[in-house]
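The values are calculated or read from the model by the stated rules, or taken from the named source; none is laboratory data. These numbers were taken from a predicted model, which means no experiment stands behind them. FYI the Cβ positions are ideal-geometry reconstructions off the backbone, even for glycines, and counts take in every protein chain you see. Keep in mind that these areas ignore ligands, DNA and RNA; they rest on the heavy atoms of the full protein, side chains included. Shrake-Rupley method; radii C 1.70, N 1.55, O 1.52, S 1.80 Å.
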Amino acid sequence: MSKYFHFVGFVLILCSCHNGVVDGYVDATSYFPGDTMVVFLNGESEILDFRLSLSDVSGNEIDEYQIKLFPQPEVPSDGYAKGFGYKPTTSIVVPDLTSGIYLLNDDMPFVVKSKQRKEIVVVYASNTINAYNEAGGKSLYPIKDGKVEASHQVSFQRPIELPWHSTHFFQWFIELGGYDVKYICDRDLDAYDSFGDCSLLIVCGHSEYWSRKARVHFDSFVVQGGI
């Protein structure tokens, strides 16, 4: 993570995985339908017919995949910075889903984007969530009452949970319905065409880490009349 603007501080609370999965992550934060998602799961033991669920942010199950689950190698001591280094468990072609936030195994979030123009674009604060993520032992902030020093680098290739400070908004916004909306993550702000033609850009929750390019694009959006 490099050259991000730092606005305010917050704390991310992580949860443990379940149903035989120790933890896991996917290879990117956002995908278009039809993209291939690589999934990395760490199992407590080998399960030949493990049921991997796909659900929306409100917990409604959409699909399931039968895969082979297995234990992963030990996480490197610098896994928080360089990634956990897990072997791929499976690959999934992202279904033709409505743009939004989805989860694998109820706790591995990712964003499904849309190439269509939408009136509203919601930004998922992926950079900030990762900055506070303590998976592997460190984040960009001191932890455990300052006894663990902050890292100057953190990897997206490690487990990460939905942020409690914005999840309720995502769930509430879906329940409202009726809006012409799509979702992107922080990194997508680096591409102006991912949001530049919308009328309203919603940056919800806690979003303090943007690249310089993302900030320039945001300022251009506002100057051109975006809200």
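Quick notes on this structure:
- Scan of the range 20-41 for residues that are out of contact with any Cys (no Cβ under 8 Å at 6 or more places or on another chain) and either outside any loop (DSSP other than H, G, I, E, B) or under 12 Å from P71 (Cβ atoms) (or both), ordered by number: G20, V21, V22, Y25, V26, Y31, T36, M37, V38, V39, F40, L41
- Odd one out for G24, checked against (1) within 24 Å of W164 (Cβ to Cβ); (2) open to solvent by 10 Å² or more (accessible area, probe 1.4 Å): (2)
- Test result for E74, part of a loop (DSSP other than H, G, I, E, B), among the charged types (D, E, K, R), open to solvent by 40 Å² or more (accessible area, probe 1.4 Å) and in contact (Cβ under 8 Å) with a residue 24 or more places away in the chain: no
- Single match in D56, D49 (criterion: under 16 Å from the mean Cα position of the chain (by Cα) and acidic (D, E)): D56
- When the strands (runs of 3 or more DSSP E) confined to the range 116-227 are screened for residues that are basic (K, R) and buried (at least 21 other Cβ atoms within 10 Å of the Cβ), those reaching at least 1 such residues are found at 181-185.
- Restricting the range 79-115 to residues that are out of contact with any Phe, Trp or Tyr (no Cβ under 7 Å at 6 or more places or on another chain), among the small types (G, A, S) and open to solvent by 10 Å² or more (accessible area, probe 1.4 Å) leaves a set whose member that is nearest to D23 (Cα to Cα) is G85.
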